[in-house]
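Below is one structure; the comments refer to it alone.
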Amino acid sequence: MTEPVIGILGAGKLGTTLARLGVQAGLTINIGNRHDVADLKWIIDTMAPGAHTMSAADVIASADVVILAIPLSHVADLDPAALAGKLVLDATNYWKEVDGTVNRISSFTQSSSEVVQAHLAASQVAKAFNHMGYHDLEIEVDRHPTARRAMAYATDHDASRPVIEHVLQAFGFAPFDLGPLRFGLVLEPGSPLFGEAITPAEFQAKLDTLYASPFGQKIIAARGGKID
Ligand SMILES: NC(=O)c1ccc[n+]([C@@H]2O[C@H](COP(=O)([O-])OP(=O)(O)OC[C@H]3O[C@@H](n4cnc5c(N)ncnc54)[C@H](OP(=O)(O)O)[C@@H]3O)[C@@H](O)[C@H]2O)c1
């Protein structure tokens, strides 16, 4: 597989951490936000040396895989045409401090990444990089080079799975396939899996009991008693 060029939209806590991990892994990392490139460049040169700072438009145009590391409520501002045909790894989560105290974007019947996929209808959206805090991402990769931590993902695009798994592995994680995008809800804030930095076996064990948890019960209730 040709090494995909990774574009990171968003240069905050998550974006800069992923940029550092990606550069460390030898990947080509292009990163940008809504600031002038000159304003952001010195930050990236300090936080993620080796990553290429560019405008958000150039990040999208140059990337094979685009990671969304922006507030969920800002995804609606993205131009679907610019992202058409791209594999998009949606790391966004609904976060009330940023996105508003009332969640008007996603629900127990529709995961936030399904909303992102509906907006970016011509992109291959996968939910990934959601359940681990930015501070843990780096620590866990360094601390467990062999017993890698599970990075769960979900997508409706089976043909994208090999590339997604390649990228997650390259960043230092053990890919954990949750299946279709609707199952990505189990990675969102409030879920017992949210915040977990654990091995695939530990992740599977928690997943096996998730639907007995209060969070899982809310999903089942919202989906008419079905979890498939
Ligand atoms: N922090 C974590 O541990 C963590 C873990 C997993 C997932 N997440 C999710 O990842 C996303 C980012 O979180 P964060 O903590 O990194 O937030 P953050 O520190 O506030 O950074 C957000 C970045 O997005 C940029 N941005 C906003 N709108 C943009 C747009 N339309 N185009 C390009 N860049 C844009 C912001 O820059 P400007 O506004 O200056 O352009 C900023 O660089 C959120 O959805 C969050 O829920 C975070």
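The values are calculated or read from the model by the stated rules, or taken from the named source; none is laboratory data. Just so we're clear, the structure is a prediction, and the values are computed from it rather than from any experiment. Neighbour counts run over all protein chains shown; Cβ positions are idealised from the backbone, glycine included. What goes into the accessible areas is simple: the full protein's heavy atoms, side chains included, and nothing from ligands, DNA or RNA. Shrake-Rupley method; radii C 1.70, N 1.55, O 1.52, S 1.80 Å.
Being among the charged types (D, E, K, R), touching a Lys or Arg at 6+ places or on another chain (Cβ under 8 Å) and either open to solvent by less than 50 Å² (accessible area, probe 1.4 Å) or farther than 16 Å from residue 129 by Cβ (or both) is true of residue 64. Just one of (1) open to solvent by 10 Å² or more (accessible area, probe 1.4 Å); (2) of a type outside the set (S, T, N, Q); (3) within 12 Å of the ligand (Cβ to nearest atom); (4) touching a helix residue (DSSP H, G or I) at 6+ places or on another chain (Cβ under 6 Å) fails for residue 95. It is (4). With the condition being closer than 15 Å to residue 167 by Cα and β-branched (Val, Ile, Thr), I'd like the helices (runs of 4 or more DSSP H) fully within region 1-79 carrying at least 3 qualifying residues. It comes to none. Of the residues screened, residue 15 is not one that is touching a residue at least 24 places away in the same chain (Cβ under 8 Å), on the phi > 0 side of the Ramachandran plot, within 12 Å of the ligand (Cβ to nearest atom) and within 16 Å of the chain's Cα centre (by Cα). Hey, any hits in region 76-98 for a residue that's over 20 Å from residue 187 (Cα atoms) and of a type in the set (Ser, Thr, Tyr)? No, that holds for no residue. The condition of being more than 8 Å from the ligand (Cβ to nearest atom) and surrounded by 16 or more Cβ atoms within 10 Å (Cβ to Cβ) holds for only one of 56, 25, that being 25. Taking the criterion of being under 25 Å from residue 40 (Cα atoms), touching a helix residue (DSSP H, G or I) at 6+ places or on another chain (Cβ under 9 Å), basic (Lys, Arg) and open to solvent by less than 40 Å² (accessible area, probe 1.4 Å), would at least one residue in region 78-89 satisfy it? Yes; the residues of region 78-89 include at least one that is under 25 Å from residue 40 (Cα atoms), touching a helix residue (DSSP H, G or I) at 6+ places or on another chain (Cβ under 9 Å), basic (Lys, Arg) and open to solvent by less than 40 Å² (accessible area, probe 1.4 Å). All of 136, 142 fail the test of being free of Cβ contacts under 8 Å to residues at least 12 places away in the same chain and part of a helix (DSSP H, G or I), apart from 142.
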